[in-house]
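Worksheet for the structure shown next.
The values are calculated or read from the model by the stated rules, or taken from the named source; none is laboratory data. Since we're looking at a predicted model, the values are computed, not measured. Neighbour counts run over all protein chains shown; Cβ positions are idealised from the backbone, glycine included.
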Amino acid sequence: MEFTQRVLNAYAQIDDRRLRAIVAGLIKHLLAYVNEIRPTDQEFEFAWDYMGRMAAKTGPERNEFLLLADVLGVSQLVESLNHDEPGTPVGFALVGPFLRANAPFRGRGAADMSDDTPGARVRITGKVYDFHTKAPIEGAILDTWQAASNGLYENQDENQPDYNLRGRYKSDRDGTFDLVALMPTAYPVPTDGPVGELLRAAKRPPNRPAHIHFIVAAPGYETLVTQVFVKGDKDIEADVVFTGDEKMLGDFKRDGDRFSLIYDFPLRRGVSTMPKAPIPA
Ligand SMILES: [Fe+2]
């Protein structure tokens, strides 16, 4: 019997149909990959040792496996396959490793950061609405998070207050919201682990172009996970995790020493879910 078929047969008794298909697909493609690449013994040893080192870098606040999926384009592809539909004006983005559970609720017009956080402010206003009927959605929750101007999220930086540059806001009866954020900053993904080795080998800069994360959720609507990039930023195409896209550009306007942005979030009818936060509360 052909070798791949023999392995596939050994996993044919899995009861759950979906799990059976997932395992069979994995075996089929993994063995085809090995047949194509023909790793040497030393290369195979490197592969399992690399995974062991990824595991050693993984803990409650960091997941090297998720980071590898991000820089190989897997995370963004999963997000696009599950959610992108032609015609929708706002694109879906990977959640990324920095979403933290239970961000504080902040009032209309409030800033997502402490007063002494350095950097230019941007007032972001807009509307959450039903993509098909265009009706405003009241009570939608906008969960936002972003890096400080030193490129660090608050969980990476002991000089920032707890939950700095994170917050949840609610849309009003007319679907509108109003918040003050920091002008988005570019930052590198962590490169002190095995993923960093890969990026250096590929001569890929580890940078994410400046962006602000948003998750917009309302009962009866598919949750929108997105990021807002700065229109005109030349580094968007080089996004190390392949998320930057023309469907996620914000037209930031300078307003004296502050900036402003108008950005709307269309939601489609569907099941409201919340992604698992990689960082606990
Ligand atoms: Fe980010």
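If you take the residues in the stretch 170-184 that are outside any loop (DSSP other than H, G, I, E, B) and out of contact with any Lys or Arg (no Cβ under 6 Å at 6 or more places or on another chain), which one is farthest from the ligand (Cβ to nearest atom)?
Taking the candidates together, the pick is K170.
Within the stretch 143-164, is there a residue that is more than 21 Å from the chain's Cα centre (by Cα) and either within 16 Å of the ligand (Cβ to nearest atom) or in a strand (DSSP E or B) (or both)?
yes
Show me the helices (runs of 4 or more DSSP H) found entirely inside the stretch 1-74 where at least 3 residues are out of contact with any Phe, Trp or Tyr (no Cβ under 9 Å at 6 or more places or on another chain) and either of a type in the set (S, T, N, Q) or farther than 30 Å from P278 by Cα (or both). Spell out how you get there, then give the answer.
Working: elements: 3-10, 17-37, 41-57, 64-71.
The helices (runs of 4 or more DSSP H) meeting that bar are 3-10, 17-37, 41-57.
Would a scan of the stretch 134-153 turn up a residue that is in contact (Cβ under 8 Å) with a residue 60 or more places away in the chain, more than 30 Å from E85 (Cβ to Cβ) and buried (at least 20 other Cβ atoms within 10 Å of the Cβ)?
Within the stretch 134-153, none of the residues are in contact (Cβ under 8 Å) with a residue 60 or more places away in the chain, more than 30 Å from E85 (Cβ to Cβ) and buried (at least 20 other Cβ atoms within 10 Å of the Cβ).
Hey, does the stretch 229-246 have a residue that's under 15 Å from the mean Cα position of the chain (by Cα) and more than 16 Å from the ligand (Cβ to nearest atom)?
no
Of all residues in the stretch 67-97, count the ones that are in contact with a helix residue (DSSP H, G or I) (Cβ under 8 Å, 6 or more places away or on another chain), touching a residue at least 60 places away in the same chain (Cβ under 8 Å), under 21 Å from A201 (Cβ atoms) and surrounded by fewer than 19 Cβ atoms within 10 Å (Cβ to Cβ).
1
Let me confirm something: among L224, L198, which residue is under 22 Å from D251 (Cβ atoms) and at pLDDT 95 or above?
Of L224, L198, the one residue that is under 22 Å from D251 (Cβ atoms) and at pLDDT 95 or above is L224.
Taking strands (runs of 3 or more DSSP E) that fall entirely within the stretch 185-281, which contain at least 1 residues that are loosely packed, with under 13 Cβ neighbours inside 10 Å and without any contact (Cβ under 8 Å) to a residue 24 or more places away in the chain?
Once the strands (runs of 3 or more DSSP E) in the stretch 185-281 are filtered for at least 1 residues that are loosely packed, with under 13 Cβ neighbours inside 10 Å and without any contact (Cβ under 8 Å) to a residue 24 or more places away in the chain, what remains is 253-255.
Restricting to the stretch 75-97, name every residue that is more than 16 Å from D192 (Cβ to Cβ), within 16 Å of the ligand (Cβ to nearest atom) and in a loop (DSSP other than H, G, I, E, B).
Listed by number, the residues that qualify are G91, F92, A93, L94, V95, G96.
Any residue that is within 16 Å of the ligand (Cβ to nearest atom), at positive phi and in a loop (DSSP other than H, G, I, E, B) - is there at least one of those in the stretch 112-134?
yes
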